[in-house]
Amino acid sequence: MSALLTMMAVAILTFTFTACSDDDEVNVVAGFESQLSKTESEYTSTTGTKYDDTYFHSTFKDEQALLEFDHYYSSWGFGGGFIYTNKTDISTPVYTNNSAITGTGKYGKAYLTSYYNSFTPSKIVNLNPDLYKFKGMWVTNSTYAYLSIKDGDSKAKKFVAGDWFKLTITGYTSSKAKIGSLDFYLADFRDGKSININTWQWVDLSRLNNASYIEFSMSSTNNNTWGMLTPSYFCLDGITLTQK
């Protein structure tokens, strides 16, 4: 019995040491919960510089000032880059609905929504690249995109076999040199699948962890002569950095 207890004690100590070794990594998570004082609201810029004939450009930071986000707006509203919001509308398929299809964030009520187009880049800058590196983030569909994929809309067709909707994330150095890129399918109807993401999904950014900034682009099988017809919106939350 004594020998057995000794073996059990060694096993417990070994497990504890391994767990502590795994926990040596120090992570920080960007959040926006404290920056919205009202329910069903979203960030709206009131200042900015003229970007072109249509848009104004400004930036905002998370509550810990870990990251900086591009934000574009115009007379008709949110024009590109990012906003943060706590809106919960999961049923209205219009471009003015910036809600995630989950109706809430991964870790709280607030989360980010991005609108991509070739004129207004969706970029996230690491404000402390000497201290932190990108680890990962949680991603899901916007209500607008999800319902368009599911049911079709006035511009886009309902997805059928073979269709897909893809988010591409590209990392860059401070001198704008490309580090690499990775893809995440927000919808995938290839090879017998019928995936239309409606939950928060973890995206590992370790391949881009030393990027000074990351940019997002979107593509789809649903296009016409002028470009993509699938609504180019997605939502993200819990952007996680690891201390170097």
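The values are calculated or read from the model by the stated rules, or taken from the named source; none is laboratory data. Keep in mind that this is a model prediction, so the values were computed, not measured. Glycine gets a Cβ as well: all are built from the backbone with ideal geometry, and neighbour counts include every protein chain shown. Ligands, DNA and RNA are excluded from the accessible area calculation, which covers all protein heavy atoms including side chains. Shrake-Rupley method; radii C 1.70, N 1.55, O 1.52, S 1.80 Å.
Descriptive notes on the structure:
- Residues satisfying the stated conditions in segment 184-195, i.e. crowded, with 19+ Cβ neighbours inside 10 Å and part of a loop (DSSP other than H, G, I, E, B): 189
- If you check 114, 122, 91, 74 for being free of Cβ contacts under 8 Å to residues at least 24 places away in the same chain and either farther than 13 Å from residue 42 by Cβ or touching a Leu at 6+ places or on another chain (Cβ under 8 Å) (or both), only one passes: 74.
- Only one of the listed residues (44, 39, 54) is open to solvent by less than 90 Å² (accessible area, probe 1.4 Å) and in a loop (DSSP other than H, G, I, E, B). That residue is 54.
- Selection count, segment 196-244, where residues are within 22 Å of residue 97 (Cα to Cα) and either open to solvent by 60 Å² or more (accessible area, probe 1.4 Å) or assigned to a strand (DSSP E or B) (or both): 18
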